[in-house]
Structure formats: C-alpha cells, structure tokens
Amino acid sequence: MSKIKFAVIGAGHIGKRHAEMIRRNEEAELVAMVDVRSKEECGAQDFDVPFFSSIQELLNSGIEFDVANICTPNGLHADLSLQALEAKHHVVCEKPMALSKRDCEAIIFKSLQVSKHVFCVMQNRYSPPSEWIKSIIDDKKLGKIFMVQLNCYWNRDNRYYKAGGWKGRQDLDGGTLFTQFSHFIDIMYWLFGDIKNIQGKFADFTHKDSTDFEDSGIVNFDFINGGMGCINYSTAVANQNLESSITIVGEKGSVKIGGQYMNEVEVCNIEGYEMPELAPTNPGNDYGAYKGSAANHNYVIQNVVDTLKGRNTATTNALEGLKVVDIIERIYEVRNENNIR
C-alpha cells in the first residue's frame with residue numbers, strides 16, 4: 001500500500017498541473033519540484049515540498065522518489081529523461097518525448113538498461129470520443145479505411161510567443177507540430193498506424209517575428225496499413241482556437257469528431273450501428289489568453305500508479321512516443337526540402 005513518490009521537473013503551467021494531480025491521488029505523493037526559477041517566480045508556493053534549481057541538485061539531495069515527471073521545454077526532455085534514468089528512476093515525459101528519433105532511441109535504450117519505465121504524456125487518448133473511436137477502429141466497424149483528414153486550426157499569437165521565452169525557438173520548442181499538434185498526430189498513429197509517401201506545403205503567415213519555424217501546413221500521405229490521409233494545421237487563426245477534428249471515411253460508414261479540442265462526435269454514420277451516449281469530455285487546459293488540449297492529466301498519473309503497482313500497462317509507451325516524433329521529423333524533412341523556415 002506504499003505510495004508512489006514523484007518529483008516534478010519543471011514548474012510551469014504543465015508542471016504545476018502534474019504536481020496538483022499527484023497531490024490529489026491517494027496512492028501518489030509529491031516529494032520535490034525543480035525549476036531554474038524560484039518557487040515564487042513559478043507561482044508554486046502552494047506545493048509544500050523541497051524545491052531545487054536543477055535535477056542534479058535534486059539527485060544529490062538524497063530525497064527518495066520513484067518517478068521523475070519531465071515538464072520542461074521540449075528541447076530539454078531528452079537530456080533530463082536520460083539523467084533521471086541513469087539515476088534509476090522511472091520517467092513520465094510530457095510531449096514530445098524528444099525532438100529527434102535519435103534522442104528517443106537513446107532514452108529507450110537507457111530505460112532497458114536500467115529496467116525502468118518511460119511513460120509519454122498523450123492525455124487526449126483518455127477523452128471519451130478518443131476511447132470510443134479507438135473501439136470502433138479496433139472492432140473494424142468502419143471496414144476498410146479509405147480516407148482520414150486531421151484538421152488542427154489554433155490561435156497562437158504574441159500573447160503566447162513572448163519575447164525571451166522558449167516557445168518559438170527551434171532548439172527548445174522544435175516546431176508547431178511538436179508543441180501544438182503532436183497530441184493529434186498521436187491519436188492518428190494510435191488509430192491507423194504509420195505513414196509513408198509524405199508530401200506537403202508549408203507557410204509562415206503571421207509568425208515571422210516571433211518563431212523560428214512555420215505556422216501552417218497541408219500534409220498528405222498514405223497509411224502503411226491502407227488508405228490515405230492528410231493533416232491541415234495552423235496557429236495563424238485569429239483571436240481564438242477554431243477547430244481540432246478528425247474525419248474518417250470507411251467502406252461501411254463515416255465518422256467526424258470535431259469541436260475545438262476533438263471533443264465532440266459530430267457525425268456517426270455507420271451501417272447497422274447505433275451511437276452510444278458518451279461521457280462528457282474534460283475541457284481544454286486553460287492558460288488564460290489561449291487554451292490547450294484536454295485536462296486529463298489525472299488519468300496519466302493514475303496510469304503510472306497502476307502500472308508501477310502491477311495493475312495495468314502504460315497507456316502511451318516509449319515506442320509510441322518515438323513513433324510520433326519520427327512521423328513529425330519526417331514531415332519536417334519535407335518542409336526543409338521546401339526551404340520553409
């Protein structure tokens with residue numbers, strides 16, 4: 001009945017959310033937090049645990065913990081995960097797992113060496129529409145899949161890309177698909193598998209002065225398992241998020257899950273099938289001027305606890321985290337060939 005002890009590395013919006021979900025879980029215990037800023041600068045005064053300025057300072061402190069939650073800027077995920085694994089701790093890594101397939105492979109290799117778990121945070125899998133469509137695809141209710149369209153149209157303006165911050169930097173952010181839309185690429189991979197024959201067009205409409213990379217793209221491809229798909233995405237939408245949706249056309253019917261955060265089943269037209277009533281979806285994480293993906297981190301922490309206590313397996317394992325990074329990296333290779341910054 002012992003509690004699983006967690007240390008949260010990175011005390012920004014997401015780090016504090018991890019800390020709060022750990023604190024609310026009866027089988028979990030928050031024992032430390034880490035950030036280069038002070039507890040007051042992070043707004044983390046509410047968490048009455050030791051606070052360190054680096055992961056090395058935490059590791060040298062002698063505080064015992066089971067899991068390191070990596071909630072830092074994207075470009076730091078790989079190095080911090082490797083440090084935690086080297087010290088024989090399990091890792092919960094916020095998306096993306098890393099900014100390159102090579103770094104993901106290094107994390108997986110180290111985790112196997114030290115026999116520790118790596119959990120990748122893809123909390124949209126827990127949304128009721130996601131769980132429902134997964135069951136539909138697994139049970140082959142749609143028959144052969146012909147076409148899949150993923151639309152991600154969000155607002156990220158100067159309220160988000162603040163001067164001096166890490167967001168928008170190639171080395172720490174990595175790109176729009178890594179930071180904003182990797183959750184939805186994960187859902188697509190989870191449902192339909194890997195892709196090939198990638199083509200795309202990319203543009204930077206409104207972020208030339210605030211980011212190092214594109215803000216919009218139209219990408220098409222084939223699924224290795226059959227059928228074709230596309231991703232249309234942008235952070236150049238004015239004022240507020242517009243849509244995150246997936247449309248699926250199969251031989252026995254079609255489905256569309258839409259809304260701002262892929263949170264509403266808008267169309268279910270399947271031969272001989274009656275749509276069940278789904279539980280309500282948690283709202284998107286609210287960061288004031290902008291909103292993110294579903295606030296499902298409580299399920300993430302519970303899955304870690306259940307897995308470490310032998311009651312379950314990781315919802316998103318390290319190999320799946322690698323595949324999302326691999327898909328994005330291959331899309332960006334096409335972008336780079338087109339000379340879009």
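The values are calculated or read from the model by the stated rules, or taken from the named source; none is laboratory data. Since we're looking at a predicted model, the values are computed, not measured. Note that each Cβ is placed from the backbone with ideal geometry, even for glycine, and that neighbours are counted across all protein chains shown.
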- Message: Need pairs with beta-carbon distance below 8 Å; first residue aromatic (Phe, Trp, Tyr) and within segment 327-339, second assigned to a helix (DSSP H, G or I); sequence gap 6+ or separate chains.
- Response: TYR332/LEU177
- Please give the number of the condition VAL36 fails out of (1) touching a strand residue (DSSP E or B) at 6+ places or on another chain (Cβ under 9 Å); (2) aliphatic (A, V, I, L, M); (3) free of Cβ contacts under 8 Å to residues at least 60 places away in the same chain. (1)
- Would you please list the contacts, defined by Cβ atoms under 6 Å and residues six or more apart or on different chains, that run from a residue in segment 111-129 that is of a type in the set (Lys, Arg) to a residue that is in a helix (DSSP H, G or I)? LYS116/LEU85
- Residue satisfying all of: in segment 172-195; in a loop (DSSP other than H, G, I, E, B) and touching a helix residue (DSSP H, G or I) at 6+ places or on another chain (Cβ under 8 Å); surrounded by the fewest Cβ atoms within 10 Å (Cβ to Cβ) among these: ASP194
- Log entry, pairs with first residue in segment 210-231 being over 17 Å from ASN338 (Cβ atoms) and assigned by TED's automatic domain parsing to the domain that holds LEU172, second being aliphatic (A, V, I, L, M) and part of a loop (DSSP other than H, G, I, E, B), beta carbons closer than 9 Å, six or more apart or on different chains, reads SER210/ALA163
- Out of (1) in contact with a helix residue (DSSP H, G or I) (Cβ under 6 Å, 6 or more places away or on another chain); (2) surrounded by fewer than 19 Cβ atoms within 10 Å (Cβ to Cβ); (3) within 26 Å of LYS256 (Cβ to Cβ); (4) not aromatic (Phe, Trp, Tyr), the one ASP139 does not meet is (1)
- Message: Tell me yes or no: at least one residue of segment 131-142 is touching a residue at least 60 places away in the same chain (Cβ under 8 Å) and closer than 19 Å to ASN232 by Cα.
- Response: no
- Residue that is surrounded by the fewest Cβ atoms within 10 Å (Cβ to Cβ) [pool: residues in segment 305-341 that are of a type in the set (Ser, Thr, Tyr) and part of a helix (DSSP H, G or I)]: THR307
- Message: Condition check: touching a strand residue (DSSP E or B) at 6+ places or on another chain (Cβ under 7 Å) and either over 23 Å from ALA295 (Cβ atoms) or free of Cβ contacts under 8 Å to residues at least 60 places away in the same chain (or both). Does ALA28 satisfy that?
- Response: no
